[in-house]
Amino acid sequence: MSNSNQITELHNQLKTHPIYKEISTLDNIRVFMKWHVFAVWDFMSLLKGLQREITCVSVPWRPSPYPKDLARFINEIVLGEESDEDGKGGYTDHFTMYLDAMDDINADQYPLRNFLETMDYESLPGPIREFVKFNIELSTSNDHHKIAAAFFYGRENLIPDIFGPLVAELKSNELDCPNLIYYLERHIELDGDEHGDLAGKCFDLLCGNSEIKRQEGIDTAITSLKLRDNMWSYILGQLAG
């Protein structure tokens, strides 16, 4: 199987994962959010890893050595992720938006907050630990084409297809979690209409004409998708039948 076909297969596998049908009670939503929040958090590190390289975030400021359209791509995504409309007339970052949605249904935030305080990877279940560690180590590396690959294939291009089934399940069961639904629908809208295309262009521009970089990026994308699938399967195993 070619690498591109493998990415498509893994993408479709996540799109149709059995976890979505189990998000049918508030108790199961609480468990899902308890662990999925780690993916919400480490997403921002991938984004900041790209922004750090492509734009200037240090003082004194210097112009970006990259094409200005690439810098604009990243800044547009950062704008949406760090200061998006909160649905209540204000603005917030998507991580805080998700935590607010967790508060609404009393989802357990202790594993996340303990990890952020201690950064102890061993405190996390294996599939969660492997997912988070991979993304944080990647985001702090200098392999920016690999960061862009994980960001595009493992996040922006994937999210509309995995959040869509979640929203459908929440609505069909008439579950009372409006802030979570807003969060999911906002990502479907942004990633499907804007951010996905921008992230794809970012990956292409960082690879340039280098087939080596493109292949390394594809390999990274495959790892990213496999780790997401492992995370989904772990959470599924934690849900009540």
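The values are calculated or read from the model by the stated rules, or taken from the named source; none is laboratory data. The structure displayed is predicted, hence computed values, not measured ones. Neighbour counts run over all protein chains shown; Cβ positions are idealised from the backbone, glycine included. SASA here: full protein model, heavy atoms, side chains in, ligands and nucleic acids out. Shrake-Rupley method; radii C 1.70, N 1.55, O 1.52, S 1.80 Å.
Starting from 0.36 nm per residue, how many nanometres of slack lie between LEU26 and ASP161 once their C-alpha separation is accounted for?
Working: separation 135, 0.36 × 135 = 48.60 nm, distance 2.20 nm.
Roughly 46.4 nm would be gained on extension.
Report the far tail of the P(r) of segment 1-117, meaning the percent of Cα-Cα pairs longer than 21 Å.
59
Considering only lysines 8 or more places apart in sequence, or on different chains, count the pairs in the chain whose C-alpha atoms sit under 18 Å apart.
So the count of such lysine pairs works out to 16.
If I take R0 = 30 Å and measure r between the Cβ atoms of SER58 and THR8 in this structure, what FRET efficiency does the formula 1/(1 + (r/R0)^6) give, to the nearest 0.05?
So the FRET efficiency works out to roughly 0.20.
Within the accessible area of segment 134-239, what % is carbon and sulfur when the probe is 1.4 Å and the other protein chains stay in place?
44
What distance in nm lies between label points placed 7 Å from Cα along the C-beta direction at ASP197 and GLU122?
So the two model labels end up 4.9 nm from each other.
Tell me what the chain gives for mean residue ellipticity at 222 nm when only DSSP H runs of n ≥ 4 count, each as -39,500 (n - 2.57), the sum divided by the residue total, rounded to 500 deg cm²/dmol.
It comes out at -23000 deg cm²/dmol, rounded to the nearest 500.
Quick one: Cα convex hull volume of the chain, Å³ per residue?
On the way: hull volume 32.2 nm³, N = 241.
For the chain, the hull spanned by Cα atoms encloses 134 Å³ per residue.
Between LYS15 and GLU189, what is the spin-label point distance in nm, taking each point 7 Å from the Cα along the Cα→C-beta axis?
Modelled inter-label distance: 2.3 nm.
Dipole size in debye (nearest 20) for the chain around its Cα centre, Lys and Arg Cβ +1, Asp and Glu Cβ -1? Before the final figure, lay out each step's value.
Working: 22 positive and 39 negative charges, 125 e Å.
Computed charge dipole of the chain: roughly 600 debye.
Can you work out the accessible area per residue across segment 127-241, with the rest of the protein chains kept in place, probe 1.4 Å, in square angstrom?
For segment 127-241, the per-residue accessible area is 41 Å².
As I understand it, the dipole of the chain uses +1 on the Cβ of Lys and Arg and -1 on the Cβ of Asp and Glu, about the Cα centre. Which of ASN230, TYR20, VAL40 lies farthest toward its positive end?
With unit charges placed on the Cβ atoms, the residue in question is ASN230.
With a Förster radius of 22 Å, plug the Cβ-Cβ distance of ASP176 and ARG113 into 1/(1 + (r/R0)^6) and report the FRET value to the nearest 0.05.
0.35
How large, in percent, is the carbon and sulfur part of the accessible surface of segment 45-128 at a probe radius of 1.4 Å?
With neighbouring chains kept in place, the figure for segment 45-128 is 51 percent.
Once you charge only the Cβ atoms, +1 for Lys and Arg and -1 for Asp and Glu, what is the size of the charge dipole of segment 169-221 about its Cα centre, to the nearest 20 debye?
220
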